[in-house]
Amino acid sequence: MTHGAADSYAARLRRSAHRARTALRKSAVDYFRGDGSDWVALAGLLLTIPAIACGTMALPVWCSPNALVLPIVAGGLLLRPASLLGLYAAAAAALIVESLVLGPYMEGPARVTPGTVLVVAACGFFGLLIAQFRARVGVPWRRGGTMLFDLRERIRVQSALPRLPKGWHHEMALRPAGGQSFSGDFVVAARTNGGRTLEVVLTDVSGKGMDAGSRALLLSGAFGGLLGSLPPHGFLPAANGYLLRQDWDEGFATSVHLVLDLDSGDYELLSAGHLPALQLNAGSGRWEEKSAEGPLLGVYDGAQFDPVKGRLRPGDVLMLFTDGLVEASDRDIAEGMDRLTGEADRHVATGFEGAAWHLIETVAKDVNDDRALLLICREP
């Protein structure tokens with residue numbers, strides 16, 4: 001009987017310890033994600049307020065009354081709006097105590113002045129705005145930056161070009177507007193038909209930078225799923241239907257779809273309102289426009305996209321790009337394309353290794369628009 005009771009007690013103790021570990025782990029995970037209680041941060045900040053107040057009353061020259069903005073700013077980043085109001089009440093009480101102990105501000109320096117109250121109140125107001133914004137979007141400060149970094153990396157991974165067989169070289173350069181991390185231009189690519197065919201889609205979403213970045217992320221994931229799952233001529237109609245179903249206020253995009261046979265060099269270009277591609281003929285040394293016909297994506301249903309065909313022979317280069325590279329307020333697109341091909345001619349003799357980024361830097365370095373450039377070269 002005693003042995004059974006001991007076993008039962010040990011079993012209950014193990015179950016209690018397991019429940020405690022589970023609750024502690026869940027609490028830690030929730031706090032890291034921003035879903036847990038903020039009482040730890042609130043308690044810590046509440047303790048700093050009397051410490052600052054005591055320092056101000058003891059050494060007002062070294063610890064200014066304005067130092068109360070420090071826990072207030074930290075609270076705007078750490079606390080929920082309801083907890084933040086409690087912190088503000090404690091800060092207001094500390095200001096009142098400091099003012100009573102130090103005396104009227106007219107009697108000497110390092111006192112609580114009307115300016116001190118205004119500075120603390122202004123910091124509290126902006127901290128409350130930040131806390132309310134975080135509460136509305138559900139993105140805690142501990143995870144907000146990580147989430148944006150993850151989104152940016154996902155776009156980069158989706159834009160990675162597959163490895164090509166010997167005799168081929170490709171590279172892509174992307175530069176968002178205003179030096180931002182998010183762009184409305186993106187590339188999705190895949191090798192299909194048993195690796196024999198390279199399919200690449202270069203898309204320019206309406207808008208630029210951060211404004212178009214969220215839509216570009218959504219479309220790049222959808223287009224990446226469609227690419228290779230449909231026959232080449234079915235991709236743009238499916239992409240057009242997907243955009244129409246989103247019913248965005250600014251929901252159109254331009255896109256160019258390249259289908260390249262890596263054995264023969266034959267290719268097809270299908271365009272949805274995109275700029276023509278440029279092909280360098282190694283024999284003549286001249287650039288030729290390859291322009292396919294098709295409307296913008298997301299404008300009307302039942303759109304038809306007619307391909308244009310070509311062939312990349314040894315030494316030839318095919319260049320796909322977005323309008324930010326060749327269009328500017330002080331010049332038309334034709335002039336921009338002439339400038340682009342003129343700069344590209346400098347790489348004919350030395351090869352196009354590393355040329356994509358150099359061309360963007362040379363042709364459209366200070367343009368406030370998203371810029372993307374894709375080069376596909378068949379080596380001599």
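The values are calculated or read from the model by the stated rules, or taken from the named source; none is laboratory data. Only a predicted model underlies this, so the values are computations on that prediction, with no experimental measurement involved. Backbone-built Cβ (ideal geometry, glycine too); neighbour counts: all protein chains shown. Please note that ligands, DNA and RNA were not included when accessible areas were found on the heavy atoms of the full protein model with its side chains. Shrake-Rupley method; radii C 1.70, N 1.55, O 1.52, S 1.80 Å.
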Next item on the list: With label points built 7 Å along Cα→Cβ from the Cα atoms of Val61 and Ala92, find their separation and express it in nm.
Entry: 3.3 nm
Check: Put Lys290, Lys166, Lys309 in order of accessible area, largest first, 1.4 Å probe: what do you get?
Finding: Lys166, Lys309, Lys290
Note to self: How charged is the neighbourhood of Gly351? Take every other residue with its Cβ under 15 Å from the Cβ of Gly351, and add Lys/Arg as +1 and Asp/Glu as -1.
What the structure shows: -4
Notebook entry, point to check: How much of the accessible area of region 281-353, in percent, comes from carbon and sulfur atoms when a 1.4 Å probe is used?
Noted result: 42 percent
Next item on the list: Place +1 on the Cβ of every Lys and Arg and -1 on the Cβ of every Asp and Glu in region 209-307, take the dipole about the Cα centre, and give the residue among Gln246, Ala292, Leu258 whose Cα lies farthest towards its positive end.
Entry: Gln246
Checklist line | Accessible area (Å², per residue) of region 261-380, counting only protein heavy atoms and a probe of 1.4 Å | finding: 47 Å²
Check: To the nearest 0.05, what FRET efficiency results for Ala121 and Asp249 with a Förster distance of 41 Å applied to their C-beta separation?
Finding: 0.60
Margin query: Can you classify region 228-339 as rounded, prolate or oblate using the Cα gyration tensor, where a ≥ b ≥ c are the square roots of its eigenvalues, rounded means a/c under 1.5, and otherwise it's prolate if a/b beats b/c and oblate if not?
Written below: oblate
Check: Excluding ligands and nucleic acids, what accessible area in Å² is computed for Leu45 using a 1.4 Å probe, to the nearest 10?
Finding: 20 Å²
